[in-house]
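The values are calculated or read from the model by the stated rules, or taken from the named source; none is laboratory data. Worth saying up front: this structure is predicted, and the values here are computed from it rather than measured. Quick reminder, even Gly has a Cβ in these numbers, built from the backbone with ideal geometry, and neighbours come from all protein chains shown. Note: accessible area is taken over every heavy atom of the protein model, side chains too, but ligands, DNA and RNA are not part of it. Shrake-Rupley method; radii C 1.70, N 1.55, O 1.52, S 1.80 Å.
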Amino acid sequence: MSAVKVRRVLPGFGLSMGITISYLSLIVLIPLSAVFIKSASLGWSDFWQVATAPRVMASYRLSFGASLLAAAINVVFGLMLAWSLVRYNFPGRRIVDALVDLPFALPTAVAGIALTALYAPNGWLGSTLNELGIKVAFTPLGVLVALIFIGVPFIVRTVQPVLEDLDIEFEEASASLGASRLQTIRKVVLPALAPALITGFAMAFARAVGEYGSVIFIAGNIPMVSEITPLIIITKLEQYDYAGATAVAAVMLIVSFLLLLVINALQAWSARSNERVR
Amino acid sequence: MAVVAHAAPFARAQRFEASPAASDPPLVKWVIIGISLTFFALFLLLPLLAVFVEAFKKGWEAYLRAVVEPDTLSSIRLTLLAAAVAVPLNVIFGIAAAWAVAKHDFRGKQFLITLIDLPFSVSPVIAGLIYVLVFGAQGWLGPWLLEHDIKVVFAVPGIILATIFVTVPFVARELIPLMQAQGRDEEEAALVLGASGFRMFRDVTLPNIKWGLLYGVILCNARAMGEFGAVSVVSGHIRGQTNTMPLHVEILYNEYQFAAAFAVASLLALLALVTLVLKTFVEWRAGIQAQEPEAP
């Protein structure tokens with residue numbers, strides 16, 4: 001007998017790893033590096049000037065502000081929707097459950113023109129809101145509506161499985177110890193859901209910051225008012241200002257990378273506390 | 001959002017509602033359902049309905065005319081072409097990546113998974129921009145491409161590349177958790193019994209992952225056909241040549257041809273509905289497979 005073999009290794013590691021690394025490098029990593037190399041060619045002071053121009057700053061405020069607000073609104077209503085889908089029986093539940101993923105499946109441009117048709121001053125909802133003095137389409141409020149639309153499934157689909165796995169015994173124990181239903185929800189159920197809620201919030205926020213298709217139709221795209229950051233990049237490209245477009249893109253990419261790290265950490269935390277609950 | 005994780009039994013709600021400690025008073029229940037369904041109707045159902053109502057506003061004939069118009073047909077062809085290239089490539093990548101990550105041990109595994117997910121965190125506009133920076137006239141390869149008379153950006157290859165970029169993670173992120181959960185025992189047994197690497201993959205791995213794979217393909221295809229931002233940057237918007245369906249919708253809409261824009265949009269909305277039906281079916285099937293005892 002030769003030395004102890006630690007573990008049989010399945011074949012194909014070299015081949016599959018080779019395909020993975022080359023494909024990722026060619027399609028994703030090398031092209032993405034172009035953003036940083038191109039912005040480095042600008043020089044620091046030019047980069048700073050482009051990336052912090054007043055019109056660009058206004059777009060950051062709108063993109064990040066509306067994305068935060070949309071994700072927060074989705075946490076509230078997404079939780080209620082997930083709660084209804086897991087805890088209650090009501091007619092049409094399966095259809096609602098299947099349609100929650102609509103924003104993942106519906107092309108963003110289609111969502112964009114549909115929302116505009118609804119919220120335009122002569123639209124189904126817009127005409128009523130107009131009479132109340134609320135303008136949605138072609139204002140920052142329109143951006144918010146579009147970002148709520150695309151964020152719904154992120155919250156529902158991260159909370160739903162955790163809610164399904166939550167053992168009924170915890171609530172029963174809490175009730176038998178004399179807690180009211182509200183206390184049980186606040187002190188037992190919500191803490192167990194918190195990691196999933198925060199993860200869903202971060203994912204919805206990250207998606208909303210970069211969103212383009214569903215927003216541009218309803219936003220009206222007025223500079224300094226309802227112009228999102230991705231549109232600034234497009235506008236600069238159309239003016240052949242490649243360096244300027246790249247500088248703004250670099251800022252967005254850095255924010256996205258930071259968000260990705262945060263989401264990864266959150267998901268690990270979420271998975272850990274989920275195991276504890278079970 | 002792994003397929004098996006989501007395939008939960010539907011009887012659970014009954015269990016909760018049967019327990020006096022974990023059920024809510026009827027008033028609370030119906031208020032929460034009422035708020036949820038209002039939110040659902042306002043933000044999901046109504047936009048979907050609006051697409052079809054606006055599409056048929058001018059009647060069937062106008063609808064059909066918009067759909068069979070030559071520019072529309074060429075946009076449908078391009079959309080199908082982009083998906084037909086992007087989806088198989090990402091299936092090959094997804095299976096390779098999942099095989100490497102789920103069935104082997106190596107350092108930096110978590111980092112590789114993060115890299116695979118990267119395209120989901122990049123704005124679609126930036127996904128288009130990077131290919132302009134590499135293949136555009138002023139880009140890294142621009143002069144060389146010009147010399148050899150190859151067009152990538154503002155042409156079909158650019159559209160295909162952008163579509164591939166935004167759909168890279170779909171199959172891989174579906175298969176990795178699934179294959180990790182299934183472990184390595186069955187493959188190892190196949191090899192011990194003398195199967196070749198290819199037979200082991202075909203007869204053991206593939207049957208185990210087929211529903212997860214199909215699930216990934218469905219989502220990947222939906223995104224590939226519906227992508228707008230990334231494709232918009234590299235397309236150049238040449239009618240009849242470099243317009244995909246979502247881009248064609250935008251052009252018609254900006255030309256105030258609303259009924260025609262919504263007619264083309266309704267085809268994409270139908271695709272979305274078919275996607276959701278298939279997805280629900282696969283979740284159901286995968287749920288059955290997950291509950292079955294180990295297949296003999």
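Evaluate the following for A:SER45: is it surrounded by 14 or more Cβ atoms within 10 Å (Cβ to Cβ) and not aromatic (Phe, Trp, Tyr)? When the stated conditions are applied, A:SER45 does not pass them. Filtering A:VAL96, A:VAL86, A:VAL9 for residues that are over 23 Å from B:GLU227 (Cβ atoms), open to solvent by 30 Å² or more (accessible area, probe 1.4 Å), of a type outside the set (Lys, Arg) and facing chain B (nearest Cβ under 9 Å) leaves a single hit, A:VAL9. Of all residues in segment B:146-161, those satisfying the criterion of being open to solvent by 10 Å² or more (accessible area, probe 1.4 Å) and assigned to a helix (DSSP H, G or I) are B:LEU146, B:GLU147, B:VAL156, B:PRO157, B:ILE160, B:LEU161. Residues in segment B:210-229 that are away from chain A (no Cβ under 11 Å) and surrounded by 23 or more Cβ atoms within 10 Å (Cβ to Cβ): B:TRP211, B:GLY212, B:TYR215, B:GLY216, B:CYS220.
Applying the condition of being touching a helix residue (DSSP H, G or I) at 6+ places or on another chain (Cβ under 8 Å) and modelled with pLDDT of 50 or more to segment B:3-19 and asking which residue is nearest to A:LEU85 (Cα to Cα) yields B:ALA13. Do any residues in segment B:11-35 that are facing chain A (nearest Cβ under 7 Å) have Cβ atoms under 8 Å from those of residues that are loosely packed, with under 11 Cβ neighbours inside 10 Å, where the two are at least six apart or on different chains, and which pairs are they? Matching pairs, first to second residue: B:ALA21/A:SER176. Residue pairs whose Cβ atoms lie under 7 Å apart, sitting 6 or more positions apart in sequence or on different chains, and linking a residue in segment A:179-197 that is under 16 Å from A:GLY78 (Cβ atoms) to a partner that is open to solvent by 40 Å² or more (accessible area, probe 1.4 Å), are A:PRO195/A:TRP269. Put simply, of B:LEU267, B:LEU191 the only residue that is within 11 Å of chain A (Cβ to nearest Cβ), over 29 Å from B:PHE165 (Cα atoms) and of a type in the set (A, V, I, L, M, F, W, C) is B:LEU191.
Among the residues of segment A:210-239, those that are part of a helix (DSSP H, G or I) and surrounded by fewer than 24 Cβ atoms within 10 Å (Cβ to Cβ) comprise A:LEU231, A:ILE234, A:THR235, A:LYS236, A:LEU237, A:GLU238. Considering (1) at pLDDT 85 or above; (2) open to solvent by less than 30 Å² (accessible area, probe 1.4 Å), say which one A:PHE138 fails and leave the rest. Unmet for A:PHE138, out of (1) at pLDDT 85 or above; (2) open to solvent by less than 30 Å² (accessible area, probe 1.4 Å): (2).
Considering segment A:78-120, the residues that are without any contact (Cβ under 8 Å) to a residue 60 or more places away in the chain and of a type in the set (Phe, Trp, Tyr) include one that is nearest to A:ALA146 (Cα to Cα), namely A:PHE104.
Listed by position, the helices (runs of 4 or more DSSP H) enclosed by segment A:1-115 that each have at least 2 residues that are of a type in the set (Phe, Trp, Tyr) are A:13-24, A:44-51, A:54-87.
Note on segment A:23-42: residues that are polar (S, T, N, Q) and either farther than 23 Å from B:ILE130 by Cβ or open to solvent by 60 Å² or more (accessible area, probe 1.4 Å) (or both) total 1.
Considering only segment B:234-244, I want to know if a residue exists there that is open to solvent by less than 30 Å² (accessible area, probe 1.4 Å), in a helix (DSSP H, G or I) and farther than 30 Å from B:GLY287 by Cα. For segment B:234-244, residues open to solvent by less than 30 Å² (accessible area, probe 1.4 Å), in a helix (DSSP H, G or I) and farther than 30 Å from B:GLY287 by Cα: present.
Exactly one residue out of B:VAL87, B:VAL67, B:VAL101 is open to solvent by less than 60 Å² (accessible area, probe 1.4 Å), away from chain A (no Cβ under 13 Å), under 21 Å from B:TRP211 (Cβ atoms) and assigned to a helix (DSSP H, G or I): that is B:VAL87.
From the list B:ALA195, B:ALA172, B:ALA230, the one residue that fits, being more than 30 Å from B:GLY59 (Cβ to Cβ) and not in a helix (DSSP H, G or I), is B:ALA195.
Counting the residues of segment B:237-260 that are within 11 Å of chain A (Cβ to nearest Cβ) and either under 24 Å from the mean Cα position of the chain (by Cα) or at pLDDT below 90 (or both) gives 9.
Listed by first and then second residue, the pairs with beta-carbon distance under 8 Å, at least 6 apart or on different chains, first residue in segment A:258-271 and closer than 22 Å to A:GLN160 by Cα and open to solvent by less than 60 Å² (accessible area, probe 1.4 Å), second modelled with pLDDT of 85 or more and of a type in the set (Asp, Glu), are A:LEU260/B:ASP117.
Among the residues of segment A:240-257, those identified as out of contact with any Leu (no Cβ under 9 Å at 6 or more places or on another chain), in a helix (DSSP H, G or I) and open to solvent by 30 Å² or more (accessible area, probe 1.4 Å) are A:VAL251, A:ILE254, A:VAL255. Just one of the numbered conditions (1) open to solvent by 10 Å² or more (accessible area, probe 1.4 Å); (2) at the interface with another protein chain (Cβ under 7 Å from one of its Cβ atoms); (3) hydrophobic (A, V, I, L, M, F, W, C) is not true of A:ILE73: (2).
Of all residues in segment A:149-168, exactly one satisfies the criterion of being facing chain B (nearest Cβ under 9 Å) and open to solvent by 50 Å² or more (accessible area, probe 1.4 Å), namely A:ASP165. Given the structure, is B:PRO169 modelled with pLDDT of 90 or more and either open to solvent by 10 Å² or more (accessible area, probe 1.4 Å) or on the phi > 0 side of the Ramachandran plot (or both)? Judged against the criteria, B:PRO169 is not a match. One residue stands out in segment B:127-143 among those that are in contact with a Gly (Cβ under 7 Å, 6 or more places away or on another chain) and either free of Cβ contacts under 8 Å to residues at least 60 places away in the same chain or surrounded by fewer than 21 Cβ atoms within 10 Å (Cβ to Cβ) (or both): the one that is nearest to the other protein chains (Cβ to nearest Cβ), namely B:LEU133.
Determine whether segment B:188-196 contains at least one residue that is in contact (Cβ under 8 Å) with a residue 60 or more places away in the chain, among the acidic types (Asp, Glu) and out of contact with any Asp or Glu (no Cβ under 9 Å at 6 or more places or on another chain). No - not one qualifying residue is present in segment B:188-196. Out of A:ALA117, A:ALA109, report the one residue that is open to solvent by 10 Å² or more (accessible area, probe 1.4 Å), small (Gly, Ala, Ser) and closer than 20 Å to B:GLN257 by Cβ. None of the other options fit; the residue is A:ALA117. Against the conditions (1) open to solvent by 20 Å² or more (accessible area, probe 1.4 Å); (2) of a type outside the set (Asp, Glu); (3) outside any helix (DSSP H, G or I), A:ILE185 satisfies every one except (3). Take A:ASN130 and tell me if it is out of contact with any helix residue (DSSP H, G or I) (no Cβ under 9 Å at 6 or more places or on another chain), farther than 24 Å from B:LEU37 by Cβ and polar (S, T, N, Q). It is true that A:ASN130 is out of contact with any helix residue (DSSP H, G or I) (no Cβ under 9 Å at 6 or more places or on another chain), farther than 24 Å from B:LEU37 by Cβ and polar (S, T, N, Q).
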